[in-house]
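Enquirer: Okay, here's the structure, questions in a sec.
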Amino acid sequence: MRKALTGVLSLAVLIGTAGATGASAGAATAAEPTAKQSSGAAGSGEASSEDIKDRILAIPGMSLIEEKPYEGYRYFVLDYTQPVDHRHPSRGTFQQRLTLLHKDVNRPTVFFTSGYNVSTNPRRSEPTQIIDGNQVSLEYRFFTPSRPAPADWSKLDIRQGAGDQHRVFTALKKIYGKKWLATGGSKGGMTATYYERFYPKDMDGVVAYVAPNDVVNNADSAYDRFFRTVGTKECRDKLAGVQREALIRRAPLQKKYKEQAAANGWTFNTTGSLDRAYEATVLDYGWAFWQYSLLADCADIPADAKKATDDDIWDSVDAISGFSFYADQGLEPYTPYYYQAGTELGSPDIKQPWLRKLSRYGYQPPRNFVPRSIPMKFDRGAMRDIDRWVKRNARQMMYVNGENDPWSAEPFRLGRGSKDSYVFTVPGGNHGARVSGLPEAQRAKATAAILRWAGVAPAAVEADPAKAKPLAKFNKKLDRRNGEIERDEAVLRR
């Protein structure tokens with residue numbers, strides 16, 4: 001899973017609004033068809049003279065790292081004591097980092113995760129802006145500093161991650177008693193889905209952005225079909241031309257790579273060689289372009305790669321894929337991701353036939369990007385279970401995909417058992433797809449559903465969902481515009 005730290009993104013076409021729209025808070029399991037929990041129960045947001053920081057820090061296991069002032073909010077960076085193994089809580093603990101953007105205990109709360117590290121700068125996810133609420137953001141276990149010591153990697157799985165969220169929710173629900181929504185983009189959208197699968201009574205709704213659903217890990221034809229048709233033939237040919245030249249000119253460009261590595265202290269123990277890291281970067285090039293760029297950005301790709309200089313080819317690949325990433329120093333922060341990709345989540349293996357006679361290693365698997373000292377074994381049933389559950393039991397769940405996002409080639413799909421749930425695709429969009437990028441009618445429909453799930457839909461919206469708009473104004477310091485991804489928001493890589 002590919003390039004993570006650069007890019008401006010766009011947004012894509014409604015592929016469907018599946019699910020019945022009139023269902024009330026329904027069950028998250030077939031066995032409990034009316035059990036979706038209301039979050040406005042006892043302990044919910046009654047006025048208190050006690051300072052909110054004191055209330056938060058009174059939670060057993062919660063500690064303050066710092067408070068940062070922000071107009072209209074209180075913003076806390078916190079640690080929370082979690083068991084390493086939720087099945088056996090007595091077998092050790094670790095500190096998990098989270099942040100809290102506090103607005104008012106009488107407002108609903110959004111539970112955000114990127115599935116990676118948590119940013120310690122104030123940010124609002126799109127659902128938080130829409131409902132004008134509080135936001136809890138949680139760092140995923142095993143991303144530093146939220147890593148047990150010593151690290152037992154067998155305790156890094158989707159069920160343990162869901163257990164982390166459940167304990168944080170249970171602790172904070174005593175303070176924030178109104179409704180809760182889970183959200184996240186990319187791996188964060190996957191994480192929100194897994195949390196709903198294992199703890200279906202916690203949240204009142206889920207908004208998952210650009211979340212891939214790799215049900216059968218070795219069945220990747222959907223990605224190959226995507227790359228045969230995405231964008232325009234002219235753009236696809238330009239990208240392929242640069243990749244070919246980068247492999248044809250392997251010797252002179254690797255000389256530059258070695259110089260860069262020496263200057264920056266890069267090493268290549270995990271991949272096994274500079275040559276493997278070089279090729280992995282080149283093979284990422286097309287994927288990373290469509291994940292992060294607009295079709296209009298094809299104008300910046302060398303028009304005739306054969307006539308381009310070595311520097312032109314290097315600069316284009318480096319700008320889009322990033323030659324530093326497959327060095328040990330680039331891979332290390334993402335070890336937990338690659339571990340999960342190689343044990344549960346799955347990862348794509350695209351063919352790229354235009355490189356067949358030039359590639360030495362092909363699209364390398366996650367195992368190649370995790371130190372060999374960490375054992376890995378793939379669980380074929382993990383994603384099949386999630387896929388089956390979503391189709392049969394989705395209640396108040398929304399998936400927002402991007403038309404030109406490679407990860408949206410294998411999306412979550414709703415089934416006959418889903419209720420009040422939706423799948424939208426943003427026209428022309430990729431890995432930055434947002435509700436705000438949908439066509440007007442779909443944007444209003446999605447916004448109305450989010451407001452309704454959070455229990456804050458105005459009467460006018462209840463009467464006419466077409467009038468739905470975010471309750472909070474856009475704030476350029478807190479909010480991302482349609483298609484933007486910040487460098488501190490980790491995103492799926494290969």
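The values are calculated or read from the model by the stated rules, or taken from the named source; none is laboratory data. Keep in mind it's a predicted model, so treat the numbers as computed, not measured. Cβ: placed from backbone, ideal geometry, glycine included. Neighbour counts: every protein chain shown. Remember, those area values only see protein heavy atoms, side chains included, never the ligands or the DNA or RNA. Shrake-Rupley method; radii C 1.70, N 1.55, O 1.52, S 1.80 Å.
Enquirer: Roughly how much of VAL118 is accessible, in Å² to the nearest 10, using a 1.4 Å probe?
Expert: Around 20 Å² of this residue is reachable by solvent.
Enquirer: Whose amide H sits under 5 Å from the amide H of ARG249, counting only residues 5 or more places off or on another chain, with H placed in the peptide plane?
Expert: Amide H neighbours of ARG249, under 5 Å, 5+ apart: none.
Enquirer: To continue, here is another question. Given H placed 1.01 Å from N in the peptide plane, which residues other than close sequence neighbours of PHE268 have an amide H under 5 Å from its amide H?
Expert: ASP328
Enquirer: Among DSSP beta bridges whose residues both lie in the chain, state the antiparallel percentage, nearest 5.
Expert: Of those bridges, close to 55 percent are antiparallel.
Enquirer: Each residue of region 461-471 in order: what ³J(HN,Hα) in whole Hz does its phi give by Karplus 6.51 cos²θ - 1.76 cosθ + 1.60, θ = phi - 60°, with x for Gly and Pro?
Expert: 6, 4, 6, 8, x, 5, 8, 5, 9, x, 7
Enquirer: At a Förster radius of 25 Å, what calculated FRET efficiency corresponds to the Cβ-Cβ distance of ASN269 and LYS68, to the nearest 0.05?
Expert: Efficiency at R0 = 25 Å is approximately 0.10.
Enquirer: What accessible area per residue, rounded to a whole number of Å², is obtained for region 341-494 using a probe radius of 1.4 Å?
Expert: 44
Enquirer: Could you work out how far the C-alpha centroid of region 441-463 sits from that of region 366-402, in angstrom?
Expert: Region 441-463 and region 366-402 have Cα centres separated by 30 Å.
Enquirer: Separation of region 168-222 and region 51-115 by C-alpha centroid, Å?
Expert: Using only Cα atoms to place each centre, the spacing works out to 18 Å.
Enquirer: Using the Cα centre of region 210-345 as the reference point, and only Cβ charges (+1 on K/R, -1 on D/E), how large is the resulting charge dipole? Debye, rounded to the nearest 20.
Expert: 400
Enquirer: Which of PRO366, GLY241, ILE175 sits closest to the plus end of the dipole of the chain, meaning its Cα is farthest towards the positive end, when Lys and Arg get +1 and Asp and Glu get -1 on the C-beta?
Expert: PRO366
Enquirer: Further question on the same structure: Largest first, how would LYS377, LYS179, LYS391 line up by accessible area (1.4 Å probe)?
Expert: So, going from the largest accessible area down, we get LYS377, LYS391, LYS179.
Enquirer: Treating cross-link reach as a plain straight distance, find the lysines whose alpha-carbon is under 18 Å from the alpha-carbon of LYS178, omitting any fewer than eight places away in the same chain.
Expert: Cα-Cα hits under 18 Å: LYS36, LYS103, LYS201.
Enquirer: Turning to a different aspect of this structure: Going by amide H atoms built from the backbone, whose H comes under 5 Å of the H on GLU484, apart from near neighbours?
Expert: Result for GLU484 returns LEU9.
Enquirer: Another question, if that's okay. Whole-Hz Karplus ³J(HN,Hα) for region 139-152, in order, using 6.51 cos²θ - 1.76 cosθ + 1.60 and θ = phi - 60°, x for Gly and Pro?
Expert: Couplings: 6, 6, 3, 6, 7, 5, x, 7, 10, x, 10, x, 8, 8 Hz.
Enquirer: Using the Karplus curve 6.51 cos²θ - 1.76 cosθ + 1.60 with θ = phi - 60°, what ³J(HN,Hα) values do you get for each residue of region 64-81, in whole Hz, with x for Gly and Pro?
Expert: For region 64-81, the Karplus-derived couplings read 8, 8, 6, 10, 10, x, 8, 4, x, 9, 10, 10, 10, 9, 10, 10, 9, 6 Hz, x marking Gly and Pro.
Enquirer: Please check the chain for the longest run free of GluC sites (Glu not before Pro) that are loop-located per DSSP (anything but H, G, I, E, B) and have at most 15 other Cβ atoms within 10 Å.
Expert: 72-485
Enquirer: Using the Cα centre as the reference, give the magnitude of the dipole from point charges on the C-beta atoms of the chain (Lys, Arg: +1; Asp, Glu: -1; all else neutral), rounded to the nearest 20 debye.
Expert: The calculation lands at about 940 debye.
Enquirer: Under a plain spin-label model, where a point goes 7 Å from the Cα along Cα-to-Cβ, how far apart in nm are ASP315 and ALA303?
Expert: Once both label points are built, they end up 1.6 nm from each other.
Enquirer: What is the extension gain from ARG228 to GLN254, computed as 0.36 nm multiplied by their sequence separation minus the C-alpha to C-alpha distance, in nm to one decimal?
Expert: 6.5 nm
Enquirer: Net charge around PHE169, counting only other residues with Cβ within less than 14 Å of its Cβ (Lys, Arg = +1; Asp, Glu = -1)?
Expert: +2
Enquirer: Another question about this same structure. Roughly how many nanometres apart are two label points built 7 Å out from the Cα toward the Cβ at ASN121 and ALA441?
Expert: Taking the two extended label points, one gets 3.9 nm.
Enquirer: Where the accessible area of region 84-208 is counted over protein heavy atoms with a 1.4 Å probe, how much of it, in %, is carbon and sulfur?
Expert: 46
Enquirer: Something else: Placing +1 on the Cβ of each Lys and Arg and -1 on the Cβ of each Asp and Glu in the chain, which of TYR75, ALA449, PRO122 has its Cα farthest towards the positive end of the resulting dipole?
Expert: Going by the Cα projections, it comes out as ALA449.
Enquirer: Tell me the mean residue ellipticity at 222 nm calculated for the chain from its helices only (DSSP H runs of n ≥ 4, each -39500 (n - 2.57), averaged over every residue, nearest 500).
Expert: Roughly -9000 deg cm²/dmol at 222 nm, from the helical runs in the chain.
Enquirer: Here's another thing I want to ask about it. Calculate the radius of gyration of the Cα atoms of region 230-290 to one decimal place, then report Dmax, the largest Cα-Cα distance, as a whole number, both in Å.
Expert: Expressed in Å, the Cα Rg and Dmax of region 230-290 come to 13.3, 39.
Enquirer: How high is the FRET efficiency between LYS357 and SER90 when r is their beta carbon distance and R₀ equals 56 Å, given to the nearest 0.05?
Expert: The formula returns an efficiency of 0.45 here.
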